1. Among the candidates 418, 439, 476, single out the residue that is within 20 Å of the chain's Cα centre (by Cα) and touching a residue at least 60 places away in the same chain (Cβ under 8 Å).
2. Residue 562: assigned to a helix (DSSP H, G or I), surrounded by 12 or more Cβ atoms within 10 Å (Cβ to Cβ) and in contact with a Lys or Arg (Cβ under 9 Å, 6 or more places away or on another chain), yes or no?
3. Taking the condition β-branched (Val, Ile, Thr), in contact with a strand residue (DSSP E or B) (Cβ under 9 Å, 6 or more places away or on another chain), within 30 Å of residue 181 (Cα to Cα) and modelled with pLDDT of 85 or more, does residue 191 pass?
4. Filter the stretch 174-228 for residues that are among the basic types (Lys, Arg) and within 16 Å of ligand 1 (Cβ to nearest atom); which is farthest from residue 162 (Cα to Cα)?
5. Do we find that residue 228 is at pLDDT 90 or above and surrounded by fewer than 22 Cβ atoms within 10 Å (Cβ to Cβ) in this structure?
6. Looking at 18, 48, which one is over 16 Å from the mean Cα position of the chain (by Cα) and not polar (S, T, N, Q)?
7. With a cut-off of at least 1 residues that are among the charged types (D, E, K, R), name the strands (runs of 3 or more DSSP E) lying wholly within the stretch 84-177.
8. Across the stretch 618-639, what is the total count of residues that are more than 16 Å from ligand 2 (Cβ to nearest atom) and modelled with pLDDT under 85?
Amino acid sequence: MQKPSTSDRDAHLNPFAFPSETDIRFLLLVLAIAGSTMILVQALIGIFIESTLIAFPSALIVTVSLFVIAWHQARQSAAKTIEVNKWQPFPPQKADLLQSALFQQMDRYIQQTVANVSELASEKIQFIWDETSRSSTLPTGMAFGFGKQQYVCLRQGLHEAFIQFPESPTFQSVLMHELGHIANRDVSKTVFATSLGQCFFPIAISSVVVFTVYTLWAVCDRLVKGITLDPTQPGIREIINTNIKIIILLLIVEIARASILRVREYYADARARNWLGTSTTLTQFFLEQLEPSPQKNSTLKNKHQRGRLYVWEFLEQQFRLKLAPFHPTHHQRISRLENPRHLFSLSYEVALLAGFLSGVSLNANMIIFSIFTELSNFNSQLNQSVQAANEPTLLVILTILLFFALTLVFSAIFLAVFVVFGLIPIVGTVGLQIQQAAFADCAQPTQPRLLTLQRLMAVSLVLGTGFILGCLLSPFIHALSMRTSEAAIPWFGIFGLAIGWAGVFFIWIVSIARLAKSLYLNHAESSIPRQKRRWLTRLSGFLLFPIFLWMCMVQILFGAQAVKPDLFSVSALVIGCMISGAFAFVLYGIIWVVGWNIGSARGWFRNPQCPHCNSVINNQSGLLQNCHECDRSITSWAWLPLPVSLPPPPSLFVPVLDTPPPL
Ligand SMILES: [Zn+2]
Ligand SMILES: [Zn+2]
C-alpha cells in the first residue's frame, strides 16, 4: 500500500481521533434518562408529599439505582443471550471430517486477521457459532458483550460466505464490520443503552398510569361528594397535558436510543474500510444486498393481503421507520463510505436533542430552588428553639454552622444540577462536533467547508429552538416555564427568547471553532491530542457558563413578569437584562482571554516544530502530513492509519458448492 502524500486529494482525516458521534449520542441518552427519571420521580412523590427536601434526594436515589441495575443487567446480558439461543463456541464440533476441516480453516483465518489488527490487541474476543436462531442461515454476524467480555457471533450463513471468499465480498465485509464494532468500543455502550431503556420504561409507564388514576380518582371523588366538576376542569386539562408531555419525553428517549444503534454502524464501516484500505469491498457488499430479496417482498405482500396491519402496528412501524430506525439504509452506508468527511460534519438532530434535553431537564430540576425556602424556614425554627433554650451560646454556634453547611450543600447541588443538566448536554455534544468540524475545515481547506456561516447560524438556531421546546414541553411547571396555567409569555416573546438563545449559542460556537482551529492545526505529534481536547471541552463549559446563566435569568424574569405584571415594568426589565448581559459578556471575555493565555503559555497556539529535524512547520495552507524539510511524517494522528496486512485468502480444498462459481 502506498502512503498517501499531502497532495493526495483522497487522503482522509482520521475520524477516530475524536470521540465518535456514537459516544456523543450515548452521552445524550444517559443524560436524557437521568433527567427524565429525576423529573418523573419528583413529580410522583409530589402527588403525596409537598416537600422538595424529600422529593429531590429520593429522585436522586432512584436515578442512581436505575443506573446500577442497568449496569448489572448489561453485565449479564451476554451470558444470557448465549444460553437462551443455545449458541456454542466457534469452531463447532462436527462429525463430518471435511466440514470439520473447513471450520478449522475458517477459524485459523479469523484468528490470523484478529492478530494482525493492532486496535484489537488489547481485546479478548470470543467467537460464538449460531446455527439455532431463526436468522442463522443469513450470512451475518453480531458483536455483543460488556466490558472485558467481547463476543462475535458468526451465523451459519457466514460459513457458506467463507467458502465463496474471496470471490464474494460478503465474508470479509461482515467479519471486518463486526470487529470494527469491537475496536470502536461501542458494544458495551449499546448493551448498556438497551438495559437503561429496559429499566427506564417501567418507571415512565407507571408514572403515566399513576397520573391517570390520580385524575380519575379526583374526578370520581368530586362526583361522589356532589361537587361540581367545573373547577376541576382546568386541573384535568393540566393532567392530560402532563400525560402527553410525558409520552413525548418517552419518545425522545427512544429516538436517542435508536440513534446510537444507527450511528455506530457508520463508524464500524469506517473502521472496516480503514483496515481493508479501500471502500470497494464494503460498497460491493451493500450493493449486492440492495437487490430485492424475493422472500421479503412476499411477506410484505402477505401482510397487505391479510390486511392485518392494525393502527397501532402501523404507528409503531412509522415511528421506527421515520423517527427512530435501528439501522441505516444501505444507500446511507454507501454514501458515508464514499465521503468519510460526513463523520466530521455537524448533526442538526444532535443539536435539537441536546437543546431539548438541556431545556427539559434544567427546567424540571429547577425545583431545587424551593429547597432554599425550606432551608430558611428550617433556620428560623432553629432560631426560635435557640432563643427558648437556657444556655444559648453553644447552640447558637451550632445553628450558624449548620445553616452555613446546609447553604453550602445547597449551592453545590444547585451548581451540579446546572452543570450536569444544563451545560454538559450541550458542551459534550454540539461543542465536540464543532471542535471536530473546525479541525476538518482547517486541515483540508480545499475541501467543501463544513462550518459555513450559514450552517453555524442554523445550528445555533436549532439549539436555541430545542432549548425553548424543552422548556415548553417540560411536563411539570417550574422556574424556566414560559406558558403556565396562570399566565404566559406571548408567542412573539417566546420567539424573541429563542432568538436570544440562538445568539448566545452562536457567539459560543464561533469562539470554540476559533480555539479548536488554533489548537489542533498546531498539533504535530503522532499521538491523539486527547489532553488538548479535554482542556478545550472544559474551557468551552466555562465559557458557556456566564452567558447561559444570564439567558436563563432573562427567561425566568420575563416569565415572572408575565405572571405578575405589576412586579416590574417591561422597560425596567429590559434595562436590567441589558446591564446584566453586559456583565455576563465581560465575564465571558475575561474567561476567553484567560483561556487563550493558558493555551499560549503551553505553546499550543504556536506554529509547531518538526519532532525529527526541529524546523518550524507552517500550517497556513492546511495540515501537512510530512515535514517539508525532512519529509518524515509529522501529524500521523490526524490521518487515517495505513491498512492492515490481512492473511492471504484460504485455498480451499474442493468443497461441494451448491452455487455455480462466478464467471
Ligand atoms: Zn453493525
Ligand atoms: Zn522535519
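1. Of the residues listed, the single one that is within 20 Å of the chain's Cα centre (by Cα) and touching a residue at least 60 places away in the same chain (Cβ under 8 Å) is 418.
2. yes
3. Considered against the rule, which asks whether it is β-branched (Val, Ile, Thr), in contact with a strand residue (DSSP E or B) (Cβ under 9 Å, 6 or more places away or on another chain), within 30 Å of residue 181 (Cα to Cα) and modelled with pLDDT of 85 or more, residue 191 comes out as yes.
4. Once the filter is applied, the top-ranked residue is 189.
5. Considered against the rule, which asks whether it is at pLDDT 90 or above and surrounded by fewer than 22 Cβ atoms within 10 Å (Cβ to Cβ), residue 228 comes out as no.
6. 48
7. 125-130, 149-155
8. Total meeting the criteria: 2.
The values are calculated or read from the model by the stated rules, or taken from the named source; none is laboratory data. Remember, predicted model here, so these are calculated numbers, not experimental data. Note: ideal-geometry Cβ built from the backbone for every residue, glycine included; neighbour counts use all protein chains shown.
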